[in-house]
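Novice: Handing you a structure now.
Values quoted throughout were computed directly from the atomic coordinates according to the rules given, and no laboratory measurement underlies them. All values reported here derive from a predicted model rather than from experimental measurement. So basically every Cβ, Gly included, is an ideal-geometry build from the backbone, and we count neighbours across all protein chains shown.
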Amino acid sequence: MNLNLRNAIIHNVTGNSQDELKETIVDAIQNGEEKMLPGLGVLFEVIWKNSSDQDKQEMLETLESGLK
């Protein structure tokens with residue numbers, strides 16, 4: 001079986017409202033289940049690819065600050 005996880009995750013959330021996307025993200029973080037990490041990674045990839053350079057810099061600063 002040749003399953004493309006990235007495409008499956010994107011397919012599962014395509015068309016979701018902001019509230020639904022937020023619920024997906026919050027649920028994944030609160031549950032803390034390892035199996036949710038790939039999904040969060042794919043969502044972050046979508047955010048990154050669709051962000052301006054300034055937004056990317058802000059995300060990096062936030063990430064760096066959160067890891068201190």
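Novice: Can you check what the net charge comes to around Glu61, using other residues whose Cβ is under 15 Å from the Cβ of Glu61 (Lys, Arg +1; Asp, Glu -1)?
Specialist: On the way: positive: Lys56, Lys68; negative: Asp53, Asp55, Glu58, Glu64.
Charge balance near Glu61 sits at -2.
Novice: Where nothing but the Cβ of Lys and Arg (+1) and of Asp and Glu (-1) is charged, how large is the charge dipole of the chain around its Cα centre, in debye to the nearest 20? List each step's numbers first, then the result.
Specialist: Numbers: 6 positive and 12 negative charges, 50 e Å.
Dipole magnitude for the chain comes out near 240 debye.
Novice: So for Leu67, Leu60, Leu40, fewest C-beta neighbours within 10 Å to most, what's the order? Intermediate values should be presented prior to the final figure.
Specialist: Working: Leu67 6, Leu60 10, Leu40 14.
The fewest-first ordering by Cβ neighbours comes to Leu67, Leu60, Leu40.
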